[in-house]
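Everything on this sheet refers to the single structure shown next.
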Amino acid sequence: MFQQAVLAVQDEKDFAEVNKALENVFAPQQVERFLRSVQRNKLRVREFEKVLAAGLLGAGTRGVYELLGNSDRGQIRERYLRSTEKVDPALRRKYLKLYAYY
């Protein structure tokens, strides 16, 4: 059975800050606001780099993310993508175009 390797976080302070930004954006009371902002910016929700560049994860999040090493960045991208998939199915249906691949 496949088991994903556990990578140690290199920069815990900055990693925690970016992770907190993700938790805030995907909190149940905030996630619809986030999805609306993604829609207004004409982005797809899975386009992490573009969402980050647009400032939709918080004003300073991009700068802190860029300070992280490659493995920490990869872990943040994975957390982001997992969080997009955990959004309530009703909201995902409402914002289907954001989730669609085309």
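Considering each residue of the stretch 75-93, count those that are touching a residue at least 12 places away in the same chain (Cβ under 8 Å) and part of a helix (DSSP H, G or I), and give that number. Steps first, please.
Applying the first criterion (touching a residue at least 12 places away in the same chain (Cβ under 8 Å)) to the stretch 75-93 yields 75-77, 79-81, 83-84, 86-88, 91.
Applying the additional criterion that residues be part of a helix (DSSP H, G or I) yields 75-77, 79-81, 83-84, 91.
Count: 9.
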- Which residue pairs have Cβ atoms closer than 7 Å, lie 6 or more positions apart in sequence or on different chains, and pair a first residue in the stretch 10-26 that is over 17 Å from LEU81 (Cα atoms) with a second residue that is surrounded by fewer than 17 Cβ atoms within 10 Å (Cβ to Cβ) and of a type outside the set (A, V, I, L, M, F, W, C)? GLN10/GLY69; GLN10/SER71; ASP11/GLY69
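When you look at ASN41, is it over 21 Å from GLU12 (Cβ atoms) and of a type outside the set (D, E, K, R), yes or no?
Working: over 21 Å from GLU12 (Cβ atoms): yes; of a type outside the set (D, E, K, R): yes.
Yes.
Just to be sure, is GLU32 assigned to a helix (DSSP H, G or I) and surrounded by 13 or more Cβ atoms within 10 Å (Cβ to Cβ)? If you could, list the steps in order and put the result at the bottom.
On the way: assigned to a helix (DSSP H, G or I): yes; surrounded by 13 or more Cβ atoms within 10 Å (Cβ to Cβ): yes.
Yes.
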- Check the stretch 11-18 and report whether any residue there is modelled with pLDDT under 95 and part of a loop (DSSP other than H, G, I, E, B). yes
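Taking the residues in the stretch 48-74 that are part of a helix (DSSP H, G or I), among the aliphatic types (A, V, I, L, M) and over 15 Å from PHE15 (Cα atoms) as candidates, determine which candidate is nearest to the chain's Cα centre (by Cα).
Of the residues in the stretch 48-74, the ones part of a helix (DSSP H, G or I) are 48-53, 61-67, 70-74.
With among the aliphatic types (A, V, I, L, M) added as a condition, the list becomes 51-53, 64, 67.
Subset that is over 15 Å from PHE15 (Cα atoms): 51, 53.
Numbers: VAL51: 8, ALA53: 12 Å.
Applying the filter and picking the extreme gives VAL51.
The values are calculated or read from the model by the stated rules, or taken from the named source; none is laboratory data. What you see is a predicted model, and the numbers here were worked out from it, not measured in a lab. Neighbour counts run over all protein chains shown; Cβ positions are idealised from the backbone, glycine included.
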